[in-house]
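Asks: Can you read through this structure? Questions will come right after.
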Amino acid sequence: MSILYDFTFLLVALFALGFTIFIHELGHFLAARQRGLLIKRFSIGFGPKIFGWTRNGVEYRLSAIPFGGYVALPQLVDMGRIEGSDREQEEKESLQSWDENEAKKDKSQVMDPLPKIGYSDKMIVSVMGAVFNILLAFFLACILSFFGYEVSDAQLTTKIGYVADKVERWNPLIQKGEEVSGPGKKAGLQVGDEILEVDGSSVESFMDIQNRIITGKQQTPEGVRLVNLTILRKGQKVELEAYPVVFGSEEMRVIGIGPEETFFIEELTPDMPAIKAGLEIGDQPYAMDGQRIHSFSQLIDLLKKTDSNQSIAFTVRKGGENGPEKTYDLIPVEKELAVGASLVSRKLIGFRPVGKSVITYPNPFVLILKRVKDMYLTLTGLISPRSDVKLRNMSGPVGIVNHLSVFAKIGFKKLLWFVVFINVNLAILNLLPIPVLDGGHMVFATIEKLRGQPLPLAFLERAQMLFVVLLFSFMLYVTFFDVQRLFPY
């Protein structure tokens, strides 16, 4: 049953990705048809055909390599070798695409170069794939704006709910983490601080904060990574400097902080201090020994610092946020827990938390602009030698499908949110000025317009082939790390 359950969501994920690719190629297809271009093929995927059909001289097919799709437009760019067709098939399809009168002409006439298309034709057809992705993203964002979707309150805040005393700095030589002092703690950050700016840019959520730390490019004169923070503490603005450390096998920079969160008791463990003391499901942990609790991670740290057999005063709001406060005296117990591949000793009181969720109704324009901004930070971080973002941190088809299936399990609205994210990313990536991508076609068309004559066919073919090899190499490279993330052991 579990396998069937997972397989169902995998199919949903594949459909969502395939639909995104289909919409992109549909943009090219409809624009080409409206501009009167010859269309040979509409394919989801590259390489050999799995199945397909031909209608009105256009072949529609599903191809074997699921790294995207294409609309074969020989007047725009001839990529037959790349797309998986041979010369005889090309000629046959070209003959079929002309009207009946043209097909009756001498073959030598038919095989003359195809009619030239204008600069505007090339630009419009090239850009419409990205335009259709943005239109789909906007349509889905409007649905989310109307119906709303659930998010954790921790995702929306910019307040700090946890500052780690120690963090694990990744050591690539031994492929393990080693404990060092938390950069946020050393910088002077405190629980309850509100982060206003990171490296001079205002932030809107904790995800935004983490993204800017990861993609940041600030360095000291000695070349040490630096994060400049503007925080609000007790009504006063404070400027701080933190020096992030590399964390985890993904080698991302962190400063050891977490968001403020509201959480409740979801489940009580039998024969543990919490249930024995009288705590109930739905209670909100509020304070420990008079110190306000801002996150579950902070609570774990507070418990860790208690002495063995030491009684604590644990204050909760009965029944939730608006309930009356009640304080219980209880003694945490020490148990060993499996964390990853190792056992860790922790002091526990015996409950499982659940975070507070809120319904958000995002403005569609704001939602899309946020995705554009995130993509901009990622791409600029990727090309900057000062950033920690690497090609290996990107996701390929395997990673994207995995994320889609995870969001599908969470709920339909979260799946829509991620499909918005994918469509914006796909639109931006395809407009990059790289041969074989739409942006590359637009660059070549512009160069031809400026020089007043076509670029040499040999140059175009070599450029296309070179970047196809590079693109597929990149896909295989990130797919290797996608698989490694899915099966780490």
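Asks: Taking the Cα of D6, stepping 7 Å toward and past its beta carbon, and measuring to each backbone N in the range 452-489: which are under 13 Å?
Replies: 486-488
Asks: Here's another thing I want to ask about it. Consider all pairwise Cα distances in the range 173-251 and report the whole-number % of them above 21 Å.
Replies: Details: 936 of 3081 pairs.
When every Cα pair of the range 173-251 is considered, 30 percent fall beyond 21 Å.
Asks: Could you work out how much longer the chain between Q218 and E250 gets when fully extended? Use 0.36 nm per residue separation minus the Cα distance between them, nm to one decimal.
Replies: So the chain would gain 9.5 nm between Q218 and E250.
Asks: So between V333 and F51, what do we pick up on full extension, going 0.36 nm a residue minus the alpha carbon distance?
Replies: Between V333 and F51, full extension yields 95.3 nm more.
Asks: What value, in deg cm²/dmol to 500, does the helix sum -39500 (n - 2.57) over DSSP H runs of n ≥ 4 give at 222 nm once divided by the residues of the chain?
Replies: Result for the chain: -14000 deg cm²/dmol, rounded to the nearest 500.
Asks: Something else about it: Over the range 304-369, what is the relative contact order in whole percent, taking alpha-carbon pairs under 8 Å and six or more residues apart?
Replies: Details: 64 pairs, mean separation 14.7, N = 66.
Once normalised by length, the contact order is 22 percent.
Asks: For q = 0.20, 0.25, 0.26, 0.27 Å⁻¹, what log10 I(q)/I(0) does the range 1-57 give under the Debye formula with an equal point scatterer on each alpha carbon and no solvent?
Replies: -0.87, -1.09, -1.12, -1.14
Asks: Taking the 0 to 90 degree range and rounding to the nearest ten, how far is the long axis of helix 438-451 tilted relative to the main principal axis of the chain, both from C-alpha atoms?
Replies: The angle comes out near 50 degrees.
Asks: Just want the ordering: R225, R55, from fewest to most Cβ atoms lying within 10 Å of their own Cβ.
Replies: R55, R225
Asks: Any lysines with Cα under 23 Å of the K413 Cα? List them, leaving off those in the same chain fewer than 8 positions away.
Replies: Within reach: K356, K370, K373.
Asks: Over the chain, what relative contact order in percent results from Cα pairs under 8 Å that are six or more residues apart? List each step's numbers first, then the result.
Replies: Details: 858 pairs, mean separation 82.3, N = 489.
Contact order relative to length: 17 percent.
Asks: Further question: How do K122, K186, K373 rank when sorted from fewest to most other Cβ atoms within 10 Å of their own Cβ?
Replies: Final ranking by Cβ density, sparse to dense: K373, K186, K122.
Asks: Taking all pairs of different Cα atoms in the range 263-343, averaging 1/r and flipping that mean, what Kirkwood radius in angstroms comes out?
Replies: 13.4 Å
Asks: Work out the FRET efficiency for E461 and I410 from their Cβ-Cβ distance, taking R0 = 41 Å, and round it to the nearest 0.05.
Replies: FRET efficiency, E461 to I410: 0.35.
Asks: Of the listed peptides 43-50, 304-311, 353-360, what is their order by residue-averaged count of other C-beta atoms within 10 Å, with the highest listed first?
Replies: Highest mean packing first, the order is 43-50, 353-360, 304-311.
Asks: Now for a different question. When only alpha-carbon atoms are used, what values of Rg and Dmax, in angstrom, describe the chain?
Replies: 28.1, 98
Asks: Mind sorting L486, L26 by how few other Cβ atoms lie within 10 Å of their own Cβ, fewest first? Could you put the intermediate results ahead of the total?
Replies: Values: L486 10, L26 19.
Starting with the residue having the fewest Cβ neighbours, the order is L486, L26.
Asks: Over its Cα atoms, what ratio of radius of gyration to 2.2 N^0.38 Å does the range 313-436 give?
Replies: On the way: Rg = 22.0 Å, N = 124, 2.2 N^0.38 = 13.7 Å.
The range 313-436 yields a ratio of 1.60.
Asks: Also: Which whole-percent values make up P(r) of the range 382-463 when all C-alpha to C-alpha distances are grouped in 5 Å steps starting at zero?
Replies: For the range 382-463, the binned pair fractions read 3, 12, 14, 16, 14, 13, 12, 8, 5, 3, 1 percent.
Asks: With the calculation restricted to Cα positions, what are the radius of gyration and Dmax of the range 173-318 in angstrom?
Replies: In Å, with Rg to one decimal and Dmax whole: 18.4, 57.
Asks: Which of the lysines could a cross-linker bridge to K186, judged by Cα under 29 Å and excluding same-chain residues fewer than eight apart?
Replies: K159, K166, K176, K217, K234, K237, K304, K305, K347, K390
The numbers here are math on the coordinates, done by the rules we state, and not lab data. What you see is a predicted model; the values in this text were computed from it and never measured. Here the Cβ is made from the backbone with ideal geometry for all residues, glycine too, and neighbour counts use every protein chain on show.
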